[in-house]
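The values are calculated or read from the model by the stated rules, or taken from the named source; none is laboratory data. Being a predicted model, the structure only gives us computed values, none of them experimental. We place every Cβ from the backbone using ideal geometry, glycine too, and count neighbours over all the protein chains shown.
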Amino acid sequence: MKRKQRIFIVMSKQKAETECTSDHSEYKILVTDKGPYLVFGKPPLAVQHIVPNEVGESWCFEQGTEFSTKDEPTALCRCGASKSRPYCDGSHTTHHWKPKITARPESILDDVEITSGERLTLTDNPKYCVFARFCDAGGGVWAATETSFDDTSHRQAIRQASLCPSSRLMIWGNDSDQPFEQPYKPSLGLIEDDALNVSGGLWVRGGIAIERENGVVYEVRNRAVLCRCGESANKPYCDGSHAALHWRDELESETEEKA
């Protein structure tokens, strides 16, 4: 209990340090109240497939089709009904969906659950789960964290937590005030979960700012995922609703047909 209290105090002091501190001010996503995401700065945009290992566990990402963001701004669908996916075509004006934005501008470290091991500490904010399932491989990231005195478990825990696209899971060395993070450049991913045959959220990487029309600014993160199916209860963030809905955007099949 003392270790958990110490770690939590350290993390509370270091909340700002979990953000991506590089200056990428030219990049921004404006979440319109009842319409699309407006993307500024022309970040790269591509499909990102969740690739399973030989036993069907989520294992890595593989890039697929690239899409243009040359328009300024680029309007990306967030209602899930556009016929011009991933772009907005105005379907949000007639489609029955839930545009209300409910997420508070909080830190990803607010209200986290903590799992501690001999060498590592895992922070877990379940409401940002996007059901990518990287955390399940090899017995789970929680067990790997608790047994991280073993080198194999240590590497496994860091890998799994770092692959969590939304930052729900973050992993820290017990002798460090900084989490392990992959050095993403500003970019956007359209997540495809081939194992479940569903499409996921908009993966926002590398410190791209996310703002609302009313001026609310969300925490700048190295990893975040925004809802694309229109049904998340934690908008603008994804909450995994696409998996329960079996939502598909058919992005690459449509691209192949047009080619």
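Kindly establish whether D194 is acidic (D, E) and under 26 Å from S232 (Cβ atoms). Yes.
Of all residues in region 71-82, those that are touching a residue at least 24 places away in the same chain (Cβ under 8 Å) have Cβ atoms under 6 Å from Cβ atoms of residues that are of a type in the set (F, W, Y), 6 or more apart or on another chain, in P73/F40; L76/Y37; R78/Y37; C79/W97.
Does A103 count as surrounded by fewer than 17 Cβ atoms within 10 Å (Cβ to Cβ), under 22 Å from I208 (Cα atoms) and among the aliphatic types (A, V, I, L, M)? Taking the combined requirement at face value, the residue does not satisfy it.
Each row is one residue, and each column tells you yes or no for (1) under 30 Å from E250 (Cα atoms); (2) not charged (D, E, K, R).
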{"site": "A81", "(1), (2)": "yes, yes"}
{"site": "R85", "(1), (2)": "yes, no"}
{"site": "C88", "(1), (2)": "yes, yes"}
{"site": "E113", "(1), (2)": "no, no"}
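Restricting attention to region 230-256, the residues being crowded, with 22+ Cβ neighbours inside 10 Å, more than 16 Å from Q48 (Cβ to Cβ) and either modelled with pLDDT under 95 or in contact with a helix residue (DSSP H, G or I) (Cβ under 9 Å, 6 or more places away or on another chain) (or both) number 4. Counting only strands (runs of 3 or more DSSP E) wholly contained in region 10-117, the ones carrying 3 or more residues that are at pLDDT 95 or above and farther than 30 Å from T147 by Cβ occupy 28-31, 37-40, 45-52, 58-67, 74-76.
Here the condition is being in contact with a Ser or Thr (Cβ under 8 Å, 6 or more places away or on another chain) and over 28 Å from H96 (Cα atoms); of E252, E192, E213, E181, it holds for E181 alone. Restricting attention to region 111-143, the residues that are among the charged types (D, E, K, R), out of contact with any His (no Cβ under 7 Å at 6 or more places or on another chain) and in contact (Cβ under 8 Å) with a residue 24 or more places away in the chain add up to 5. Just one of the listed residues (S176, S162, S199) is touching a residue at least 40 places away in the same chain (Cβ under 8 Å) and among the hydroxyl-bearing types (S, T, Y), namely S199.
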